[in-house]
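The structure under discussion appears below in the form of structure tokens.
The values are calculated or read from the model by the stated rules, or taken from the named source; none is laboratory data. Note that this is a predicted model, so its numbers are computed, not measured. For neighbour counting, all protein chains shown are included, and Cβ atoms are generated from backbone atoms with ideal geometry for every residue, glycine included. For the accessible areas, the whole protein counts, side chains as well, though only heavy atoms, and no ligand, DNA or RNA atoms are used. Shrake-Rupley method; radii C 1.70, N 1.55, O 1.52, S 1.80 Å.
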Amino acid sequence: EDKLTILGSVPSLGFPFFVHMLNEIKAEAQAQGVNLTESDGQNSATKQTADIEAALVQKVNAIVISPLDVNALAPAIEEAVKAGVPVVTIDRRVDGVQGILAHVGADNVKGGEAEAQAMVAAFPNGAKLFHLQGQPGAGPAIDRNKGVHNVLDPLKDKYQIVYEQTANFARAEALTVTEAGLAANGKPDAIICANDDMALGALEACAARNFSDVKIYGFDALPEALVAVRDGKLAGTVEQFPGKQSRTAVQIAVAYAKDKTEPKEKLVLLTPIVIGKDNLDKAERLNETK
Amino acid sequence: MSIAEEQSQRGGVTIARLLMSFGPLLFLAALVVVFTVLKPSFIDPINLFNITRQISITGLIALGMTFVILTAGIDLSVGSLLAFCGMVAAVVAKGGTANTLSLSTSGTQGFGWFAALLAAVVVGALAGGVQGFAITRLKVPPFVVTLGGLTVFRGLTLTISNGGPISGFDASMRWFGTGLIGPVPVPAIIFAIAAILCHIVLRYTRYGRAVYAVGGNAEAARLSGLRVDRILVSVYVIVGFFAGLAAFVLSARLNSSEAVAGIGYELTVISAVVIGGTSLFGGIGSVGGTVVGAALIGVLQNGLQFNNVSSYTQSIVIGLILILAVAFDRWLKSRVRR
Amino acid sequence: MSIAEEQSQRGGVTIARLLMSFGPLLFLAALVVVFTVLKPSFIDPINLFNITRQISITGLIALGMTFVILTAGIDLSVGSLLAFCGMVAAVVAKGGTANTLSLSTSGTQGFGWFAALLAAVVVGALAGGVQGFAITRLKVPPFVVTLGGLTVFRGLTLTISNGGPISGFDASMRWFGTGLIGPVPVPAIIFAIAAILCHIVLRYTRYGRAVYAVGGNAEAARLSGLRVDRILVSVYVIVGFFAGLAAFVLSARLNSSEAVAGIGYELTVISAVVIGGTSLFGGIGSVGGTVVGAALIGVLQNGLQFNNVSSYTQSIVIGLILILAVAFDRWLKSRVRR
Amino acid sequence: MPPAEAAPALLSVEGLTKHFAGVTALSDVSLDVRAGEILGLLGENGAGKSTLLKILSGVMPPSGGRITFDGADYQPASPQEAKRLGIVTIYQELSLIPTLTVAENIFIGRAPIGRLGLVSWRKMEQDSRAIIARVGLTIDPMTPVSALSVAEQQLVEIARALSLKSRLIIMDEPTSALTETEVRRLLSIMDRLRKDHVAMMFVTHRLEEASAICDRMTVLRDGRLAGHLERQGGPIKLPAIIEKMVGRAASELYARPAQRAAAGDVVLSVRGLRTVRDPEAPHAIVLDGVDIDLKAGEILGVAGLVGSGRTELARAVFGADRIAAGTITLDGKQIAPASPADAIALGIGLVPEDRKHQAIFAALGILPNFSVASLGRFSNGFGFMAERRERDALSGFRKMLSIRMASAEQAIEGLSGGNQQKVILARWLARDPKVLIVDEPTRGVDVGAKAEVHQILVQLAARGIAVMMISSELPEVLAVSDRIVTMRKGRITGEMPGVEANEERLMELMALDRQDMPAQDAEGQAR
Ligand SMILES: Nc1ncnc2c1ncn2[C@@H]1O[C@H](COP(=O)(O)OP(=O)(O)OP(=O)(O)O)[C@@H](O)[C@H]1O
Ligand SMILES: Nc1ncnc2c1ncn2[C@@H]1O[C@H](COP(=O)(O)OP(=O)(O)OP(=O)(O)O)[C@@H](O)[C@H]1O
Ligand SMILES: [Mg+2]
Ligand SMILES: [Mg+2]
């Protein structure tokens, strides 16, 4: 049994997005003929750090990780690099650490920008907006929020965010938060959400009030959201190609672990796109919606 | 003591009692007034019905939690159990774990809403019963058993659904979450009926008396011939039943059962019960109080969102008001006593 | 009873007592053996030191929590308070809220590690003290006050940092999280020293004995002339202090203070204390038990991860083992008594 | 030694008043205590004695009035303050900390400090062993208090109070759980303290004790001062006390009930009963082959010293503790109650000795406290409570037992100890049991009520109920019992008809059993 072993670590398997990511890592590892040690950060930087430490003791040959928090996981990743274990980061890039083998990602800030731009394109004459943010303090929530504001803040006059609340990335909360927003502010033109779950929650709230023409934007391109986009219920969702990211990262890591093949590019950035009704075929997980 | 004296005293006691039980209600009324002044549309019927619908999920669980806390127990597993029951309901409703994602399923191959409801409440009650047995037989404190349950049920839920949601129920099932009877949301009606039933059970039946007695002094209850262990198991069955019912309503409402549903609900639910004046040491409390407690939390959240208060500030305000509401209640009770 | 009989019985009592306090330890030993058999590299010194470092953060808070639970109180705010103190430490260490990440910061404009440490523990202790006052003066139960604290401190943390992390401390500060003395991680040493001090305080000082007395029966303690309120406030100050200390170590270790740090820690910490044999009803328990409890949780998590158990299964197993560990302890105690 | 006439009062109370929600517990009470004297504080249940003492020891503030201690104004804000001035209190409700050891309870807040400024456990153990020995306790001081019987706990409290440096000792019913032997020892200790110029206030419902030891007495009635009595030449006479207490001439105490018809058939028969050591109560006395018969319509008194196993017998029959061997037969059918619920269903009732922990639901109202053992009787077929019937039943017992209460909703906590006891009795009377076991039924009950309770027990017997009464008060046992058995160390040591018994014979049977006699003698000589 001298198969190579790699660690695949994601921030939280409580979110379908990361479940998909780990599944893709698993599939690619199998395709490459290497063993995979799975790690679920359980939404805690210390848990993800501990997992890396345990993997180092077990002398894994490479690490593929989507860090929960780029700052808080930097020391653990640095430790891995020091121990001579190649590290490929996915999705979120750790800046401060020297010697990371490669990063494969689609910036959440860019994703947020894309989401807002899609909305702007749909309402060239301005719009009244709701904005549902992710879990306060969580990395993706911060970045996506930043992206949305990067686009909308300069256009304040035309695009008014009349209602901006967190719904903690959760569908049930998005539903109640949107209900309150609708009661307080009337019908908006569009609702921008930091993930698909919240978009689907907002959708239920609008449906209950028969506001079927509110354009709702999600993020992550989950199969469920893709169906809703197809059916014209959601206006769009941001695709970051997590599967492609994951597979590329595993390929790079395994190639290096096997025979020190340096990656062609140290930085693979996939541009996030907004999936609408017209470009559904670009979505990575469309095949899961059958 | 003369008869006149005694009567005036009884009158005094009655007014005192009224005031006492109205502590949280006064606080709730004050909140409503404040929010209405800040933004009059707050008391639009639409918004008020929104609130009733919103509190119905945690409210249902809080009803069951009232029984548990009355026996001086606690159940931390309700949030996870809700997710678990919701997933079970979804599997039954859709006839499998295949994630048929269409949000407007009509012809399903599942077993329909009634089977889903039944499955949710039966699984909830069974899970509660298992925890009750661990508490009474293994003599492990409720806090520990249900803390274990919290992680076990979450793990089971994630395992069933492989982390993802199961979505798309038929219209008959969705009615339980989104339907209206007149202007009143169905979940609110379910909650109201459940609350009235619970009130009757606790206040007017021998079972209710036994629950209070066990919480007041378990040893004395045993020596008075009550089957303490059975009663303890029963309250966990009840809270499990309500977690199942709440799960069904939530799934119907969201048109989806999620593996991450209900995270942190245990604290909201316990807050509702405690704000309502039920003592964590058992033996004291009422369903009416719990309803008021749940309403208070619902009004607070809705009102702050209504005024678009930043979520950071919301956390701070909600935490402080929670403490103040209970402090006010204590203060009122201590005034009335002297 | 003859003297011989009595003596043999007393001897029995002593052995019994030893066994009793070893219940969780036996369980821990069994876990270590199982994991080592499954994968011998589990007992690599590196891995064991990793575990000690991993448990030191929640372990430190668990020490403080032991005081609180001994008085029959509870502190649900520790996770949020940890985040809050960590953020305060970061602001002091960096001299502002600017987030300049660099793993090798040397020239900072901040106030250095000592000021950061001081700020963290003082703020923690103060926050604990405020909660203690709310408990003793406003007569709000600890569960409610600290549940309020849980959301208040989280909100404050997010407000300070505007949601983001503050990262990049200088090497002298980072040493407290990542340094080694010989082969032993610094956080583990800090935890060990703190545990020994807490043990001495609880076992061998009047203050410590008063903590037990208050937890055993607060009313009787008051009648015996103890200043119950002061003692109650003090235990919340202590747990706050430890939350601050843990926050400092955590920030040093992660080279970053996060607004979302410590979510859910309260349950891990309370689990550690309770597995260690401390009664949630107060008056019974020990620091040694808490250390064992924390180690048990740490070993379990590490061991399961080590064997690449799926994270869903991990949840299920951890929940069950938590219940079983306490059940085993209860069973042992009841056997030993006869 | 009677106090010198001119000795100034150490403590004096003037016009003391205390109101609770709607209840006036004390109104305009004045009294004083001098150094070196024992002041008895007497009164019926609910007269306000404990309230007065709690005010003096800083537990609660008065609503009005003035207190001076040692010539200075005295307004204690906490028990701590009282303690600092040398005022030490033994409370009516036991106030030990159950999770701590005897030694720690004795040294609470003042543990001996050894090297390095740390608590010395060894010294604490040694010193406390000596302290409890003074009151005749020989238990291991490192035993947790939760494992002690009520009587032992009472003795620990007394020992603790006596070990504190004190100028005034307040004792609220310290003897209610004790038997003669311990009481005598306590009284002699009090006498010694009196000689050391300690002032004492002493509350008891056993008037003989009060009469034997008190120099003066202050009597309360309904929260008001009913008068003072003073020792003149001989002890204060009981009839005088009773007259002050109840406000009318005293009838005879412990009036022996008229001889009744002969008892009927054996209802309850116990043979070879043994119990095991209960893991929850490791020090509990183990029954060692008890045979006992209880007949319909009789009152069987069970006498024994503390720790003789009377309570254990009651609990075993009641299904509250597990049985290792032996048979219990009820109405000729062998029964094996596995829980109190089983025993109750079979028609057995038990009024336990530890009211606070085993009987009352402190936070609940009087009504649910009363009906908890008869929920079936007071509910309809659908499980709904029949509150009308329940209330009627309660008010019947309220009259019958003259329970002093404001309303059925009132929390039972707010009743005086004696009235609480009556509610508990009513709880069992409402069930109309075949066999009623009462363990210390008049603990803390005043003379008047005590006579009523005795009367009630006699009436029950007359209705054919088999009553077993466990009591540490021999006069009570002698007065009420048709037949008496004595116990020692988990065995029955004697039996006789009530009319043939007297205190001396009982004491002899309680204190000795045949095998032990030589050993006991040897021990006696060694001393
Ligand atoms: N905390 C309280 N709240 C309300 N009423 C109380 C409280 N404590 C005592 N009382 C009332 O005050 C009166 C005096 O009670 P107290 O306990 O002083 O009587 P006591 O003389 O000690 O009686 P006993 O001999 O039964 O112990 C009673 O009517 C009682 O109901
Ligand atoms: N609940 C209990 N837990 C532990 N030990 C107990 C308990 N009850 C009684 N004991 C122990 O049992 C022994 C005898 O109990 P107890 O004194 O109640 O006997 P008794 O014959 O009923 O005497 P009395 O009626 O005078 O109290 C005591 O030494 C005491 O330590
Ligand atoms: Mg009294
Ligand atoms: Mg007894």
Residue match in segment A:79-95 (condition: open to solvent by 20 Å² or more (accessible area, probe 1.4 Å), acidic (Asp, Glu) and assigned to a helix (DSSP H, G or I)): yes
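Per-residue answers, yes or no, for (1) closer than 23 Å to D:PRO174 by Cβ; (2) crowded, with 21+ Cβ neighbours inside 10 Å; (3) within 16 Å of ligand 3 (Cβ to nearest atom); (4) of a type in the set (Asp, Glu):
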position	(1), (2), (3), (4)
D:PRO352	yes, yes, no, no
D:ALA363	no, no, no, no
D:ILE403	no, yes, yes, no
D:GLN410	no, no, no, no
D:GLN420	yes, yes, yes, no
D:ARG431	no, no, no, no
D:VAL447	yes, yes, yes, no
D:ALA462	no, no, no, no
Test set (1) under 27 Å from the mean Cα position of the chain (by Cα); (2) open to solvent by 50 Å² or more (accessible area, probe 1.4 Å); (3) not aromatic (Phe, Trp, Tyr) - D:GLU14 fails condition number: (1)
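So which residues in segment C:162-173 are more than 8 Å from every other protein chain (Cβ to nearest Cβ) and within 19 Å of C:ALA116 (Cα to Cα), if there are any at all?
Start the filter on segment C:162-173 by keeping residues that are more than 8 Å from every other protein chain (Cβ to nearest Cβ), which leaves C:162, C:166, C:169-173.
Correct list: C:ILE166, C:PHE169, C:ASP170, C:ALA171, C:SER172, C:MET173.
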Selection from segment D:391-428 of residues that are modelled with pLDDT of 90 or more and within 16 Å of ligand 2 (Cβ to nearest atom): none
Residue match in segment B:187-195 (condition: more than 8 Å from every other protein chain (Cβ to nearest Cβ), open to solvent by 30 Å² or more (accessible area, probe 1.4 Å), in contact with a helix residue (DSSP H, G or I) (Cβ under 8 Å, 6 or more places away or on another chain) and not in a loop (DSSP other than H, G, I, E, B)): yes
Number of positions in segment D:154-199 that are of a type outside the set (A, V, I, L, M), surrounded by fewer than 22 Cβ atoms within 10 Å (Cβ to Cβ) and more than 16 Å from ligand 2 (Cβ to nearest atom): 11
Residue, nearest to ligand 1 (Cβ to nearest atom), within segment D:140-164, restricted to residues that are among the hydroxyl-bearing types (Ser, Thr, Tyr) and in a loop (DSSP other than H, G, I, E, B): D:SER149
Those residues of segment C:111-160 which are hydrophobic (A, V, I, L, M, F, W, C) and open to solvent by 40 Å² or more (accessible area, probe 1.4 Å), in sequence order: C:PHE111, C:TRP113, C:PHE114, C:LEU118, C:VAL122, C:LEU126, C:VAL130, C:PHE133, C:LEU138, C:LEU156, C:ILE160
Set C:ILE284, C:ILE270: member being at pLDDT 90 or above and crowded, with 24+ Cβ neighbours inside 10 Å: C:ILE270
Residue list for segment C:237-249, filter: open to solvent by 10 Å² or more (accessible area, probe 1.4 Å) and more than 13 Å from the chain's Cα centre (by Cα): C:VAL237
Condition met for D:VAL447 (farther than 16 Å from D:LEU268 by Cβ, away from ligand 2 (no atom under 16 Å from the Cβ) and either within 14 Å of chain B (Cβ to nearest Cβ) or touching a Pro at 6+ places or on another chain (Cβ under 8 Å) (or both)): no
Count - residues of segment B:202-217 that are open to solvent by 50 Å² or more (accessible area, probe 1.4 Å) and either in contact with a Gly (Cβ under 7 Å, 6 or more places away or on another chain) or not aromatic (Phe, Trp, Tyr) (or both): 3
Count of segment B:308-338 residues which are open to solvent by 50 Å² or more (accessible area, probe 1.4 Å) and touching a helix residue (DSSP H, G or I) at 6+ places or on another chain (Cβ under 7 Å): 3
Qualifying residue in segment D:131-145 (condition: surrounded by 17 or more Cβ atoms within 10 Å (Cβ to Cβ), of a type in the set (S, T, N, Q) and under 30 Å from D:LEU26 (Cα atoms)): no
Top-ranked residue in segment C:65-85 [being within 12 Å of chain B (Cβ to nearest Cβ) and within 21 Å of C:GLY288 (Cβ to Cβ); ranked as most open to solvent (accessible area, probe 1.4 Å)]: C:ALA72
In segment A:183-195, residue farthest from the other protein chains (Cβ to nearest Cβ) [restricted to those that are modelled with pLDDT under 95 and not in a loop (DSSP other than H, G, I, E, B)]: A:ASN185
Hits in segment C:166-196 - residues which are of a type in the set (S, T, N, Q) and more than 21 Å from the chain's Cα centre (by Cα): C:SER167, C:SER172
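For (1) touching a residue at least 60 places away in the same chain (Cβ under 8 Å); (2) part of a strand (DSSP E or B); (3) more than 16 Å from ligand 3 (Cβ to nearest atom), each residue gets a yes or a no:
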{"residue": "D:ILE189", "(1), (2), (3)": "no, no, yes"}
{"residue": "D:ARG192", "(1), (2), (3)": "no, no, yes"}
{"residue": "D:GLU209", "(1), (2), (3)": "no, no, no"}
{"residue": "D:LEU225", "(1), (2), (3)": "yes, yes, yes"}
Which listed residue, of D:ARG388, D:ARG443, D:ARG491, is over 23 Å from the mean Cα position of the chain (by Cα) and within 16 Å of ligand 4 (Cβ to nearest atom): D:ARG491
Condition broken by B:GLY225, with the remaining ones in (1) touching a residue at least 40 places away in the same chain (Cβ under 8 Å); (2) not in a helix (DSSP H, G or I) satisfied: (1)
Subset of segment D:21-43 [modelled with pLDDT under 90 and either out of contact with any helix residue (DSSP H, G or I) (no Cβ under 6 Å at 6 or more places or on another chain) or within 16 Å of ligand 4 (Cβ to nearest atom) (or both)]: D:VAL23, D:THR24
Test: C:ILE316 is in a helix (DSSP H, G or I) and either within 7 Å of another protein chain (Cβ to nearest Cβ) or on the phi > 0 side of the Ramachandran plot (or both): yes
All positions within segment B:162-186 that are within 21 Å of B:MET87 (Cα to Cα) and open to solvent by 20 Å² or more (accessible area, probe 1.4 Å): B:ASN162, B:ASP170, B:ALA171, B:SER172, B:ARG174, B:TRP175, B:PHE176, B:THR178
Leading residue by the ranking (nearest to ligand 4 (Cβ to nearest atom)) among those in segment D:315-328 that are closer than 19 Å to D:ARG488 by Cα and crowded, with 23+ Cβ neighbours inside 10 Å: D:ARG315
Segment D:121-158: number of residues that are within 16 Å of ligand 4 (Cβ to nearest atom), away from chain C (no Cβ under 11 Å) and either among the aliphatic types (A, V, I, L, M) or more than 18 Å from the chain's Cα centre (by Cα) (or both): 6
Residue within segment D:304-320 that is away from chain C (no Cβ under 14 Å), more than 10 Å from ligand 2 (Cβ to nearest atom) and modelled with pLDDT under 65 present: no
